[in-house]
1. Being within 14 Å of chain B (Cβ to nearest Cβ) and within 14 Å of A:VAL203 (Cα to Cα), is that true of even one residue in region A:247-254?
2. Would you point out the residue of region B:55-67, among those that are more than 7 Å from chain A (Cβ to nearest Cβ) and either among the hydroxyl-bearing types (Ser, Thr, Tyr) or open to solvent by 60 Å² or more (accessible area, probe 1.4 Å) (or both), that is nearest to A:THR141 (Cα to Cα)?
3. Can you tell me which residue is farthest from A:LEU117 (Cα to Cα) among those in region A:69-97 that are among the polar types (S, T, N, Q) and buried (at least 16 other Cβ atoms within 10 Å of the Cβ)?
4. For region A:368-379, name all the residues that are open to solvent by less than 40 Å² (accessible area, probe 1.4 Å) and either within 18 Å of A:CYS409 (Cα to Cα) or at pLDDT below 85 (or both).
5. Tell me yes or no: at least one residue of region A:271-284 is hydrophobic (A, V, I, L, M, F, W, C) and open to solvent by 60 Å² or more (accessible area, probe 1.4 Å).
6. Restricting attention to helices (runs of 4 or more DSSP H) lying wholly within region A:141-250, give those where 2 or more residues are open to solvent by 50 Å² or more (accessible area, probe 1.4 Å).
7. Please pick out the residue among B:GLU52, B:GLU7, B:GLU3 that is loosely packed, with under 12 Cβ neighbours inside 10 Å, within 7 Å of another protein chain (Cβ to nearest Cβ), closer than 23 Å to A:GLY143 by Cβ and out of contact with any Leu (no Cβ under 9 Å at 6 or more places or on another chain).
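The values are calculated or read from the model by the stated rules, or taken from the named source; none is laboratory data. All of these numbers come straight from a predicted model, not from anything done at the bench. Glycine also receives a Cβ, built like all others from the backbone with ideal geometry; neighbour counts cover every protein chain displayed. SASA here: full protein model, heavy atoms, side chains in, ligands and nucleic acids out. Shrake-Rupley method; radii C 1.70, N 1.55, O 1.52, S 1.80 Å.
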Amino acid sequence: MKFPDGAGALSVSRLVGLIKDVVEENFMQVLILGEIANFSAPASGHFYLSLKDDNAQLRAVMFRTQNRLLRFRPENGMQVLCAGRVSLYSQRGELQVVVDHMEPQGQGALQVAFEQLKARLAAEGLFDAARKRPLPTFPRTIGVVTSATGAAIHDILQVLRRRGAGVRVLLRPVRVQGDGAALEIAEAIADLNLHGQADVLIVGRGGGSTEDLWAFNEEPVARAVYASRIPVISAVGHEVDVSISDLVADLRAPTPSAAAEMVAKGREELERHVDHLLLRLTGPMQSRLVVLRERLNGLRRRLRSPQERLRQGGRQLVDLQRRLQSAMAQRQRQAGNRLGLACGRLDALSPLATLQRGYAIVFDAQGQSVIRDAAQLTPGQQVRIRLPRGRFCSRVEAVQPLEDGPLDCPSPTAQVPGSAKSLD
Amino acid sequence: MSEMSFETALRALEEIVERLESGDLSLEDSLNCFEQGVKHAARCQELLKAVELQVETLLKQQDGTFGVGKLEE
C-alpha cells in the first residue's frame, strides 16, 4: 500500500473538530448510569470525576453553575444517574461527559445529602448534647423565624394566647421553602442575635413534603443555629420529621405548636415557683412573729406600769390612814374608858363619897385639921362640921375618948338658944 | 425596683428565702429581708401577670439597622 502524500490530510484540530461535531451532535442529551471515581472539587468550584462501570470509564465534569444546585455532595463509589451531554475536550482530545444533573441511585438525593451533612456536622460536634443550653427561665421576647403567612406562626400565636403567656413575639419573616430559603433563615437567625432582644428563638415551619422542609436540612441553617447566642427551639414539620436544624438546636419541638407550649409551660412553672417562694417567705416569718407576739404579750403582762404601782400605793395610803384613824379613835376610846374608870376610882376615894354614905368630917374651929380622936376635943370647944351638903359650926358638949363608954349628952331642952350661930 | 428584670428579682427572692430559712438573722434583719423579699415577689408576679400577647415583626432596613413593625395577622 502506497502511503499517500500529505495532500488531503487533516490537521489534528480539524479532526478533533470533526469528532467533536459528531459526538456533540449525537450525544446532546444522554442519561448515564455509573459509579463515581476520581472525584475532585478544586477551588474553581467545578467538580471533576470519572464515571465507570466494570469495563469502562469516562471523564466527567460538573460545572459550578450546575453543581451548586446539588443537594448532596458526590463521593467516590457512589452510584449515580447523570443527565448531560458528551463533549470533547479539544485541548486534550478527551471525551468527557458534561453533567447537568446528578441523582444518587438507591437512596434519594435528599436522603443522601441529609446523611452526609448529618455525618459531617456530627463529626464537627454541632449536635453535642453538652452544648445544648436550657431554655431561659422567663422568656419575655420570643424570636420566631418562619413564614409570616404560614401555619407555624398562626399555631404559635394561638397557643401563646390560649395559655395566657404575656410575651412579646418578634417575628423575623422568611421564606421557608424554595431556592435561597436556607440563606434567608440563616440570616434571620443571625439578625435576631444582632438585634439582641429575643430571649429564645423558635425556628421552623409547619408540615410539608421532604422537599418543602428541605431548607432546614441545609448547612447554612445548621451553622446559624449553632452560632446563635440565643437558645434555639427547632420546630420543623410534624412529629416524624427530624431535620438537621432539630439536631443542632438546643431543643427540638415536634411541631411549632409544641414549641410554643414549651415556652408557655416554662412560664406556668415559674408562676408556681414564685408562689412557692412567697409561701416560704411569709410562712416562717408569720410563725416567727406569732412566737414573738406571744413572748411580747407575756412580758407585757409581767410589766406593771408605774401608774398601777401608784394606784396601789394610793390604796395602801388610804388603808393606812383608815387604820391610823381607827387606831387613834380606839386609843381615844380606851383613854376615855380609863379616864372614866380612874374617875370612878377617884370618886370612890373621894371623902365626899364617904360623906354621902352618911358621914361627916369634923374640923377644928379654924378648919385646918381633921379631928380624928375625941381626945383632941374638949367640951365647949368650937368645931366645924362638913356634911355631904353644906357645913356648920358646932360646940362640943361632951367628950368620950374611948370607943365604948357612956356619953353624957345634955338634953335637947337644955339647949341654949342662939348657940348655933351661923358660921358666915 | 420596678425596672428590675425578672431574672434578677427572682434570684434575689430566692437568696432572701434561703437566708431567712437559714434562721440566723436578727428579727430586724429578717424583717428587712422579708420586706425586700415581698417586693421582689411582687415584681416577679407583676411581670408574670402580663397576659397580653404582643406581636411584632423584625424588619431589616437597607442600611442594616433593624425596625420593628406590627404583624398583620
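1. Within region A:247-254 (the criterion being within 14 Å of chain B (Cβ to nearest Cβ) and within 14 Å of A:VAL203 (Cα to Cα)), the answer is no, since none of the residues qualifies.
2. Let us first name the residues in region B:55-67 that are more than 7 Å from chain A (Cβ to nearest Cβ), namely B:59, B:61-65, B:67.
Restricting the remaining residues to those that are either among the hydroxyl-bearing types (Ser, Thr, Tyr) or open to solvent by 60 Å² or more (accessible area, probe 1.4 Å) (or both) gives B:59, B:61-63, B:65.
Values: B:LEU59: 16, B:GLN61: 21, B:GLN62: 24, B:ASP63: 24, B:THR65: 19 Å.
Restricting to residues being more than 7 Å from chain A (Cβ to nearest Cβ) and either among the hydroxyl-bearing types (Ser, Thr, Tyr) or open to solvent by 60 Å² or more (accessible area, probe 1.4 Å) (or both), the top hit is B:LEU59.
3. Of region A:69-97, the ones among the polar types (S, T, N, Q) are A:76, A:79, A:87, A:90-91, A:96.
Restricting the remaining residues to those that are buried (at least 16 other Cβ atoms within 10 Å of the Cβ) gives A:87, A:96.
Numbers: A:SER87: 32, A:GLN96: 29 Å.
Going through the qualifying residues, I end up with A:SER87.
4. Hits for region A:368-379 are A:ALA374, A:LEU377.
5. Within region A:271-284, the subset hydrophobic (A, V, I, L, M, F, W, C) is A:274, A:277-279, A:281.
This time we only want the ones that are open to solvent by 60 Å² or more (accessible area, probe 1.4 Å), so: A:279.
Within region A:271-284 (the criterion being hydrophobic (A, V, I, L, M, F, W, C) and open to solvent by 60 Å² or more (accessible area, probe 1.4 Å)), the answer is yes, since at least one residue qualifies.
6. A:151-162, A:181-195, A:219-227
7. Working: B:GLU7 fails: loosely packed, with under 12 Cβ neighbours inside 10 Å; B:GLU3 fails: within 7 Å of another protein chain (Cβ to nearest Cβ).
B:GLU52 is the lone residue from the list that is loosely packed, with under 12 Cβ neighbours inside 10 Å, within 7 Å of another protein chain (Cβ to nearest Cβ), closer than 23 Å to A:GLY143 by Cβ and out of contact with any Leu (no Cβ under 9 Å at 6 or more places or on another chain).
Residues are listed down the side, and each one gets a yes or a no for (1) within 15 Å of A:HIS273 (Cα to Cα); (2) in a helix (DSSP H, G or I); (3) under 13 Å from the mean Cα position of the chain (by Cα):
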{"site": "B:ALA9", "(1), (2), (3)": "yes, yes, yes"}
{"site": "B:ALA12", "(1), (2), (3)": "yes, yes, yes"}
{"site": "B:ILE16", "(1), (2), (3)": "yes, yes, no"}
{"site": "B:ARG19", "(1), (2), (3)": "no, yes, no"}
{"site": "B:SER30", "(1), (2), (3)": "no, yes, no"}
{"site": "B:PHE34", "(1), (2), (3)": "no, yes, no"}
{"site": "B:ALA41", "(1), (2), (3)": "yes, yes, yes"}
